[in-house]
Amino acid sequence: MRYDALIIGAGLSGLAAGIRLAMFDKKVLIVEKHVEIGGLNSFYTRKHRTFDVGLHAMTNYTPKGTRSSPLGKLLKQLRFRHEEFRLCQQVMSEIRFPEKALRFTNDFGFLEQEVAEQFPREADGFQKLVAHIRAFDELNLDDTEKISSRKILEHYLSDPLLIDMLYCPTMYYGNAREGDMDFYQFVIMFKSIFMEGFAKPVGGMPYILNLMLDKYQTLGGEIRMGCGVQSIASKDGELQAVHLADGATVQADKVISSAGYVETMRLCDSCGEDEKPDRVGQISFMESLFVLDREPKELGFDKSIIFFSTRPQFHYRVPDTLIDVTSGVFCCPNNFEYPEPLAEGMLRLTNMASFKMWDGLVRKDYRAAKKEQGRRAVEALLAFFPDFRDHVIYEDAFTPKTIHKYTGHLNGAVYGSPEKAKDGLTPVKNLFICGTDQGFLGIIGATLSGISMANRHVLQAEPNLENGRS
């Protein structure tokens with residue numbers, strides 16, 4: 001059977017690309033090697049509890065009617081109503097270092113006031129940086145110039161502590177590169193975290209993913225779960241067919257892959273692409289999840305998300321040990337403005353981790369290491385936070401090995417390759433990249449990536465399809 005488009009991966013970007021194409025009566029097939037949708041933003045069940053994997057919160061929150069925002073564009077392109085996403089705003093979040101703390105909400109003016117109070121000598125420079133960020137077009141797919149965000153931040157700001165405090169959230173939530181960050185990606189994350197903000201959907205990622213899957217299938221899109229790609233056949237640099245792991249061969253005019261750039265190239269039987277070592281992603285995390293016998297705020301945790309460093313200087317790099325406990329993200333999923341309280345209290349702790357170190361452990365040692373590293377992470381946290389351990393009724397953890405197993409990303413690299421294919425192009429004609437390695441970041445960014453690549457590489461070639469299905 002021949003398709004107009006085949007999409008590899010049923011994560012947010014793949015589902016979004018599928019919906020967008022199906023709206024225009026394209027014959028679309030999504031293939032997903034796992035039995036659950038979601039990819040990097042999936043979910044799993046333990047002891048009758050469903051846990052989100054990637055979602056601490058959705059960035060890019062804007063109120064209903066804000067059509068020019070990334071969320072507004074997403075809703076318009078996929079024809080969802082704002083209320084269908086059931087988004088609940090954060091209460092308040094924080095960046096916490098030993099010397100200072102910066103609080104922020106979904107009102108950007110609150111952060112501007114915090115910076116002015118905590119760093120009065122940096123107030124003017126911060127406003128100039130903000131003006132630069134507002135004027136920058138981070139979504140220009142044709143702009144491939146690489147600019148160091150560190151150089152730009154140091155141009156406007158003189159206090160290394162403020163620079164590190166701004167980097168902590170933006171890097172933890174979207175940076176595939178150690179130590180520095182491409183400026184367009186810094187702008188994406190700065191706008192999405194600080195200028196727009198955090199929200200969580202009622203029902204978490206299972207709700208959002210199933211909402212998208214239902215729309216895709218209602219529009220006539222096909223999906224095959226538990227069906228990975230064995231290889232991508234090409235001839236003279238042009239796409240020929242896709243061979244699936246179940247032995248089937250699928251013909252498609254276009255293929256859009258959310259599997260990652262290097263991972264996709266490895267599927268190609270003869271693309272002539274030399275794999276560059278610096279294109280393989282390295283940044284990964286360990287996350288510990290704690291179910292509590294009460295609300296977190298009853299134990300002194302009143303923030304939605306806290307980005308922290310226990311040292312004055314923030315280091316964003318792959319550790320040479322299993323995990324780095326000196327910085328991380330501490331999320332309290334209960335502290336969002338839900339219409340009804342969650343059934344149980346929960347805390348989530350994320351630390352940078354080394355895939356190489358975790359991958360070298362045998363099964364027995366691996367299970368013991370998860371417990372030990374979780375203990376170390378919590379003990380380091382107690383320098384800043386109350387001790388909650390007596391109120392834990394269930395805990396679980398996942399590591400870079402878990403991420404690699406369920407996403408196929410080399411090294412369990414959550415943010416993929418440091419080298420992004422912003423235009424979605426690969427060396428193989430009619431084979432394109434969307435998702436993490438295309439370069440739009442965050443929950444909303446990943447979804448917009450799928451939409452943008454579907455528009456650019458499939459629909460724009462047919463200008464008569466402007467309005468799609470009514």
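Exactly one residue out of ASP278, ASP246, ASP320, ASP302 is more than 25 Å from the chain's Cα centre (by Cα), surrounded by fewer than 24 Cβ atoms within 10 Å (Cβ to Cβ) and either of a type outside the set (A, V, I, L, M) or under 21 Å from PHE51 (Cα atoms) (or both): that is ASP246. The number of residues in the range 212-224 that are of a type outside the set (D, E, K, R) and buried (at least 18 other Cβ atoms within 10 Å of the Cβ) comes to 6. The C-beta contact set for the range 69-95 (first residue under 28 Å from PHE307 (Cα atoms) and of a type in the set (Asp, Glu), second residue modelled with pLDDT of 95 or more and surrounded by fewer than 18 Cβ atoms within 10 Å (Cβ to Cβ), distance under 7 angstrom, 6+ apart or interchain) comprises GLU94/ALA101; GLU94/ARG103. If only one of GLY203, GLY179, GLY220, GLY237 is among the small types (Gly, Ala, Ser), at positive phi and at pLDDT 95 or above, which one is it? Exactly one of GLY203, GLY179, GLY220, GLY237 is among the small types (Gly, Ala, Ser), at positive phi and at pLDDT 95 or above, namely GLY220. When the residues of the range 51-86 are filtered to those that are of a type in the set (Ser, Thr, Tyr) and under 19 Å from the mean Cα position of the chain (by Cα), which remaining residue is farthest from VAL202 (Cα to Cα)? Checking each candidate, the answer is SER69.
Residues of the range 365-396 that are surrounded by fewer than 18 Cβ atoms within 10 Å (Cβ to Cβ) and either under 22 Å from the mean Cα position of the chain (by Cα) or basic (Lys, Arg) (or both): ARG367, LYS371, ARG375, ARG376, ARG389, ASP396. Of the strands (runs of 3 or more DSSP E) that lie entirely inside the range 226-312, those containing 1 or more residues that are in the same structural domain as GLY328 (by TED's automatic domain parsing) and under 30 Å from ARG46 (Cβ atoms) span 284-292, 305-309.
When the residues of the range 123-143 are narrowed to those that are under 15 Å from SER192 (Cα atoms) and in contact with an Asp or Glu (Cβ under 9 Å, 6 or more places away or on another chain), which ends up surrounded by the fewest Cβ atoms within 10 Å (Cβ to Cβ)? Going through the qualifying residues, I end up with ASP137. If you check GLN438, GLN373, which single one turns out to be among the polar types (S, T, N, Q), in contact with a strand residue (DSSP E or B) (Cβ under 6 Å, 6 or more places away or on another chain) and at negative phi? Residue meeting the stated conditions: GLN373. Taking the numbered list (1) farther than 24 Å from VAL53 by Cβ; (2) not in a loop (DSSP other than H, G, I, E, B); (3) not aromatic (Phe, Trp, Tyr) in turn, MET346 passes all entries but (1).
Condition test on LYS235, is it over 26 Å from ASP359 (Cα atoms) and either surrounded by 14 or more Cβ atoms within 10 Å (Cβ to Cβ) or among the polar types (S, T, N, Q) (or both)? For LYS235, the condition - over 26 Å from ASP359 (Cα atoms) and either surrounded by 14 or more Cβ atoms within 10 Å (Cβ to Cβ) or among the polar types (S, T, N, Q) (or both) - is not met.
Anything in the range 99-119 that is out of contact with any Leu (no Cβ under 8 Å at 6 or more places or on another chain) and part of a helix (DSSP H, G or I)? List them, or say none. Matches in the range 99-119: PHE108, GLY109, PHE110, GLU112, GLN113, ALA116, GLU117. Does at least one position in the range 427-442 carry a residue that is of a type in the set (Ser, Thr, Tyr), closer than 29 Å to TYR3 by Cα and not assigned by TED's automatic domain parsing to the domain that holds GLY300? There is at least one residue in the range 427-442 that is of a type in the set (Ser, Thr, Tyr), closer than 29 Å to TYR3 by Cα and not assigned by TED's automatic domain parsing to the domain that holds GLY300. Taking the listed residues PHE104, PHE97, PHE119, the one that is buried (at least 18 other Cβ atoms within 10 Å of the Cβ) and either within 30 Å of PRO341 (Cβ to Cβ) or at pLDDT below 95 (or both) is PHE104, with no other qualifying.
To keep it simple, each residue is scored yes or no on (1) in the same structural domain as PRO63 (by TED's automatic domain parsing); (2) within 19 Å of the chain's Cα centre (by Cα); (3) under 30 Å from GLY65 (Cβ atoms).
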position	(1), (2), (3)
ILE152	no, no, no
ASP159	no, no, no
LEU162	no, no, no
LEU166	no, yes, yes
PRO169	no, yes, yes
TYR172	no, yes, no
GLU178	no, yes, no
VAL187	no, yes, yes
MET212	yes, yes, yes
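Here's the yes/no breakdown for (1) modelled with pLDDT of 95 or more; (2) under 16 Å from SER449 (Cα atoms):
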{"site": "ILE7", "(1), (2)": "yes, yes"}
{"site": "ALA17", "(1), (2)": "yes, yes"}
{"site": "GLU32", "(1), (2)": "yes, no"}
{"site": "ASN41", "(1), (2)": "no, yes"}
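Taking into account only those residues within the range 50-69 that are under 15 Å from SER93 (Cα atoms) and either among the hydroxyl-bearing types (Ser, Thr, Tyr) or touching a strand residue (DSSP E or B) at 6+ places or on another chain (Cβ under 7 Å) (or both), which is surrounded by the fewest Cβ atoms within 10 Å (Cβ to Cβ)? Once the filter is applied, the top-ranked residue is HIS56.
The values are calculated or read from the model by the stated rules, or taken from the named source; none is laboratory data. Remember, predicted model here, so these are calculated numbers, not experimental data. Note that each Cβ is placed from the backbone with ideal geometry, even for glycine, and that neighbours are counted across all protein chains shown.
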